[in-house]
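Reading through the structure tokens given below for one structure.
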Amino acid sequence: MRTLPVGADALLVEVASGEEAQALHADLLRRRAEGSLTAREIVPAARTVLLDGLPDPARLAAELASRPVSHVPPRAAETVEIPVRYDGPDLADVAAHWGVGAAEVARIHADAEFRVAFCGFAPGFGYLTGLPAGHEVPRRSTPRTSVPAGSVALAGPYTGVYPRSSPGGWQLIGTTDVVLWDHTREPAALLSPGTRVRFVPVASTGPAT
């Protein structure tokens, strides 16, 4: 673990893996809820956690360096279900990479329980972990200049849903009509770190390409 000061009242904590970052994030949230930690924001990323609004960042840095991270069980939360049509243009490529048929890609993906590890890239975009071991996929060698909103995609160990049309290099395996980001909604983002997610297959309007 490495800690880096950020400005006058923030601290960036670097760890070795995504699993450690998720464990640290859960532990810090628990401590804040108990009242033993004061922080305005606790923001996870792939292998870091940013704490903002700390009264004494140096003291917390020393404390984190001297105590192990408690691997607390994930907090109980309602599972967000996202209906998805497994009709993405990269479905066949993912199937070939996994050595299965297209229908099996849909089954494997829909059977998994995902959790939002962190958010980024665009408002409402969550990086979801939960793919079975050995099912990581590479990004496309040539990114698309425009990925439609609602595209369900894979890259590395992550699943994500594009909240709006944007460039992207993830492998597109399906589509959903769920709105991931709505500034008129409270909260605006459907997904936040720690949220559990299940993808529910629905009938496609046409054959997969």
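Taken one residue at a time, the phi angles of the stretch 121-126 give Karplus couplings (6.51, -1.76, 1.60, θ = phi - 60°) of 6, 8, x, x, 8, x Hz. Gly and Pro are set to x. Couplings 3J(HN,Hα) of the stretch 3-8, computed from phi: 10, 10, x, 10, x, 8 Hz, in residue order, whole Hz [Karplus 6.51 cos²θ - 1.76 cosθ + 1.60, θ = phi - 60°; x for Gly and Pro]. If only the Cβ of Lys and Arg carry +1 and only the Cβ of Asp and Glu carry -1, the dipole of the stretch 81-134 around its Cα centre is close to 120 debye.
When the chain is treated as a Gaussian network with alpha carbon springs shorter than 10 Å, the biggest mean-square fluctuation among Thr38, Thr175, Thr184 belongs to Thr184.
Looking only at Leu12, Leu28, Leu37, which one moves most when the chain is put into a Gaussian network model with springs between Cα atoms under 10 Å? Between Leu12, Leu28, Leu37, it is Leu37 that shows the largest mean-square fluctuation. Between the listed residues Leu128, Thr79, Leu64, the Cα displaced farthest toward the positive end of the dipole of the stretch 57-160, a dipole computed from Cβ unit charges relative to the Cα centre, is found at Leu64. The portion of the accessible surface of the chain made up by carbon and sulfur, rounded to a whole percent, is 55 (1.4 Å probe; DNA, RNA and ligands excluded).
Entry comment: accessible area of the stretch 86-209 is 46 Å² per residue, from protein heavy atoms only and a probe of 1.4 Å. The Cα center of the stretch 143-159 and the Cα center of the stretch 23-49 differ in position by 28 Å.
The structure-derived value of mean projected area of the Cα convex hull in nm² appears in the list (i) 12.9; (ii) 10.5; (iii) 17.8 under the label (i). Proximity of backbone amide H atoms, modeled 1.01 Å from N, is registered between Phe118 and Tyr127 at under 5 Å, excluding neighbours fewer than 5 places apart on the same chain. Rounded to the nearest 500, the helix-only mean residue ellipticity at 222 nm of the chain stands at -6500 deg cm²/dmol, with each DSSP H run of n ≥ 4 adding -39,500 (n - 2.57). To the nearest 20 debye, what is the magnitude of the charge dipole of the chain about its Cα centre, counting +1 on the Cβ of each Lys and Arg and -1 on the Cβ of each Asp and Glu? Using only the charged Cβ atoms, the result is roughly 140 debye.
Each label point was placed 7 Å from the Cα along the Cα-to-Cβ direction; for Asp111 and Ala188 their separation is 3.9 nm. Ellipsoid fit via the Cα gyration tensor, the stretch 49-164: semi-axes of 34, 17, 15 Å, each the root of five times an eigenvalue, largest first. Since only Ile173, Val116, Gly88 are under comparison, the one whose Cα sits farthest along the positive direction of the charge dipole of the stretch 71-209, derived from C-beta charges on Lys, Arg, Asp and Glu, is Val116.
The values are calculated or read from the model by the stated rules, or taken from the named source; none is laboratory data. Keep in mind the model is a prediction, meaning the values are calculated, not measured. Counting neighbours? That spans all protein chains shown, and the Cβs are built from the backbone with ideal geometry, glycine included. When the accessible area is computed, the model is the full protein with side chains, heavy atoms only, and any ligands, DNA or RNA have been set aside. Shrake-Rupley method; radii C 1.70, N 1.55, O 1.52, S 1.80 Å.
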